[in-house]
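Below is one structure, written out as C-alpha cells; the observations come after it.
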Amino acid sequence: MKKVALLFVLAVFLPSLLLAWLAVRSLRDQQFLLERQESLLYQGTADGTVKDILAALGDIQHSFAAKVGAMLEAEDPRKLATSFDALLRHEWPLAEVGFVVTTSGEILSPSPQEGPTARAFLTENSRFLANRESAEVYLNSKQPFNNALMLAQNDTTSGKQNDASVLAGRKATDNVKTEKRYVVPQQMLNPSQRAVSPPEEQQVSKLSVSEAEFRQLIGEQSEGMLARFIDNKLQVILWFRSARDSQLVFGAQLGLGSLQENLRPIIQQVEAPLRDEICMALLNDAAKPVALSHSGFQANWKHPFVASEIGEALPHWEVAVYLLNPAKLARSAEALKWMLGLLVAVLVTAIGIGSWLLFSDLSRQLRLARQKTDFVSNVSHELKTPLTSIRMFAELLAEGRVADPARQRSYLNIITAESARLTRLINNVLDFARIERGEKKYTFQRCDLAEITRETADSYLPHLEANGFTLDCHLPSTTVWVNGDRDALAQIIVNLLSNAEKYSGAQKEVVLRLEQKTRPLPYAQIEVLDRGLGVPAGSEEKIFEKFYRAHDSLSSGIQGSGLGLTLARQIARAHGGDVLYEPREGGGSCFRLHLPVTPEHS
Ligand code: ADP
C-alpha cells in the first residue's frame, strides 16, 4: 500500500502540481502576450500606411517632374526660368514657391519682387541653393545610401546616375549623427516595465542627420526630394533637371498645408473591423496630429500604442496608432486570465477527485483482495471442522467401538448435523458464485411464507436444541402469500438462524417472528432476534458486504465465510424486499427480512 501511495504521489500528484504551477505562471503573461499580438497587428497596419504615404509622395514628385517637363516642352528653358515661380504656383497648387537655380549656384527664380513668400524663401534658402552653405539633411540609416536621399527617380535614371548618388550619399554621410525619436510607442514594452522609462533603442530614430550642400545632394540625379528644418520648421523641396539643359535645376517648395490635405485620405482609410478598435494619426515633427482617422479623438499623442516613422522624406513625422478603448485589451486579457484560471482550477479539481476515486477504489480492491484471502482460509476451516467430526464419528461407528445405542444415535445425529452445516456452507458459496456471475435463477411462485418459515424452523430446531438453544417461534395461523423461490427464502431464514446461533454467546435464546404489516404498503416481516454480541458500531451496513466479517475468526473464534448476510440481502432484494439490521433492545441483534405480499386471491 505504501508503495502504491508513493507511486501515486510520484506519477500523478507531483506532475499535476507541476502542471498547475506552470499553468498559473503562464496565466500571468497572458496580458503581455495579448498586447504583443495586437501590437504586431497594428504595427503592420501602421507600416502599410507609411508605405502608402511614401507612394503618394513619390506620385507628387513624379507629377512635379511631369509638370515641369510639360512646361519645358512649351517654352525655352532659359525663358521659362525667369517666370517659373509664378507659372508653377498657378499651374501646380501644391507648390508654395517655385525656384530655378543653375548648377553653378545662380538663382534665376523667384525674384524678391514676387512677394513676401518668395522673399522669405530666398532668405532661408539662397545660400544653400547657391552651394555657399551646407544644410542638415536626413538619411534613413536602415536603408542603403542610394535610396537615402532620393525618394524616387524618373525613368531616365541610369546606373551611372545611381553610382553618383551613392557617392553623394557617402559624402553626405561622412559626419552622420543619430537622432532621437520624438514619439515613444508603448509597443514591445513589458507591462511591468510600462511605468518605468522605455528602453533606449525605442527612443532612437531610424533617421540619421548629416550636413551637405545642395549641389552635393542632387549629384547627377534628374529629380528628387529633400527635407530640411529651418528654425524648427520643416521644408520639403522637390527638384527636377531637364535633359535639354542640365545646367538648370527647377524646384519647388511644397506647401505643407496642401501636402497634409493630400495625405489625409490615406490616414482616414482604416477599414472595419480595425476602425472600431484603433485611431490612426499622422503626427508631425512636433508630435501633433495633422490628420486623424477619427476626428475629435484625443490621446497622449507622444505615447501611441504603436508607431512607424515615415522616414527621410518627412523627418520625424510618424504614423501612430492609438487604441480607441485601451481598457478593452486589459479587460479581455483579464477575461482570458479568468477563463484559463477557471480551467486550471477545474482540471486540478478533476485530477484531485480522480486521484481520490482511484485511491479509494484501489484501497477497496486491496481490502477485497485481503478479504478474499481470509475467505479462502475461513471456508477451508469451515469445511475442515465438520469433515473432521463426520470422519471421526463415522470411523467410531464403522469400527463398532460404540456399543451403546443411545450414543450411536447421538453420533449419527452429529454426523447428520455436520453434513447439513457442510451443505449450507457449500450452498452459500455456490449461490454466491452464481449471483456474482449473474447466473442465479429463481423459480418464482406463489407460496405461503408462514409455511416456509415453519418448515425451516422445524428442520433447524433439533440442531439448535442439541446446542442448548431455545427457539421462541411466533408464526401466524393464517397464510402469508408471497411471490418467491421457496428454497431461496428458506436459505435466508437458515442463514439468519445460523448467525443467531453463532454469535449468541452465553444467552442461548433465539426468537423467530413472522408478521404481516400494512404500512406504508402491505408486506411480510420475519424477525430473527438473539441476545448475543450484537454488531459493533460502524459495521451495521458493512456486514452486508461480501466477505466482510465484523467478528473475525482469530479474535472471536467464530468460524464464518462472510457470505451469509450478503446472500440473504441479495436474495431478498431479488424478491423486491430487503434484509436489515437493528441492535436489539436489551442487547443482542435483530435481523429483519421484509418481503412484499401478494393479495389473498390472486
Ligand atoms: P459469517 O459467515 O461471518 O457469519 P455473514 O455474512 O453471515 O458471515 O455475517 C457477516 C458478519 O456479520 C459476521 O461476520 C458477524 O460479524 C456479523 N453478524 C452476523 N449475524 C450476527 C449476529 N446475529 N450477531 C452479531 N453479529 C452478527
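The values are calculated or read from the model by the stated rules, or taken from the named source; none is laboratory data. Just so we're clear, the structure is a prediction, and the values are computed from it rather than from any experiment. Positions of Cβ are generated from backbone atoms using ideal geometry, with glycine treated the same way; all protein chains shown enter the neighbour counts. Keep in mind that these areas ignore ligands, DNA and RNA; they rest on the heavy atoms of the full protein, side chains included. Shrake-Rupley method; radii C 1.70, N 1.55, O 1.52, S 1.80 Å.
Residue pairs whose Cβ atoms lie under 9 Å apart, sitting 6 or more positions apart in sequence or on different chains, and linking a residue in segment 43-54 that is over 9 Å from residue 310 (Cβ atoms) to a partner that is open to solvent by 30 Å² or more (accessible area, probe 1.4 Å) and assigned to a helix (DSSP H, G or I), are 45/274. Applying the criterion of being among the polar types (S, T, N, Q) and modelled with pLDDT under 85 to the residues of segment 510-566, the residue that is farthest from the ligand (Cβ to nearest atom) is 555. Figure legend. Inter-residue proximity from segment 403-416: first residues surrounded by 13 or more Cβ atoms within 10 Å (Cβ to Cβ), second residues aromatic (Phe, Trp, Tyr), beta-carbon distance below 6 Å, spacing 6+ or different chains. Indicated pairs: 411/393; 414/393; 415/393. Assessment of segment 465-477 against the conditions (within 19 Å of residue 575 (Cβ to Cβ), touching a residue at least 12 places away in the same chain (Cβ under 8 Å), within 15 Å of the ligand (Cβ to nearest atom) and open to solvent by less than 50 Å² (accessible area, probe 1.4 Å)) yields no matching residue.
Among the residues in segment 40-58, are any exposed (fewer than 15 other Cβ atoms within 10 Å of the Cβ) and farther than 30 Å from residue 184 by Cα? There is no residue in segment 40-58 that is exposed (fewer than 15 other Cβ atoms within 10 Å of the Cβ) and farther than 30 Å from residue 184 by Cα. For residue 313, are the conditions met, namely being over 30 Å from residue 128 (Cα atoms) and either in contact (Cβ under 8 Å) with a residue 60 or more places away in the chain or surrounded by fewer than 18 Cβ atoms within 10 Å (Cβ to Cβ) (or both)? Answer is no for this residue.
Whether any residue in segment 322-334 is at pLDDT 80 or above, outside any helix (DSSP H, G or I), within 30 Å of residue 181 (Cα to Cα) and open to solvent by less than 40 Å² (accessible area, probe 1.4 Å) is what I want to check. Yes. The sole residue among 218, 230 that is at pLDDT 85 or above, open to solvent by less than 20 Å² (accessible area, probe 1.4 Å) and more than 14 Å from residue 68 (Cβ to Cβ) is 218. In segment 123-136, the residues that are in a loop (DSSP other than H, G, I, E, B) reach residues that are not aliphatic (A, V, I, L, M) with C-beta atoms within less than 6 angstrom, at least six apart or across chains, in these pairs: 130/105; 131/105; 131/213; 131/214; 131/215; 133/127; 134/211; 134/213. Of all the listed residues (369, 420), the sole one being open to solvent by less than 70 Å² (accessible area, probe 1.4 Å), part of a helix (DSSP H, G or I), in contact with a helix residue (DSSP H, G or I) (Cβ under 9 Å, 6 or more places away or on another chain) and closer than 30 Å to residue 573 by Cβ is 420. Would you confirm whether any residue within segment 591-599 is open to solvent by 10 Å² or more (accessible area, probe 1.4 Å), among the basic types (Lys, Arg) and either at pLDDT below 90 or within 52 Å of the chain's Cα centre (by Cα) (or both)? Looking for residues that are open to solvent by 10 Å² or more (accessible area, probe 1.4 Å), among the basic types (Lys, Arg) and either at pLDDT below 90 or within 52 Å of the chain's Cα centre (by Cα) (or both), one finds none in segment 591-599, hence no.
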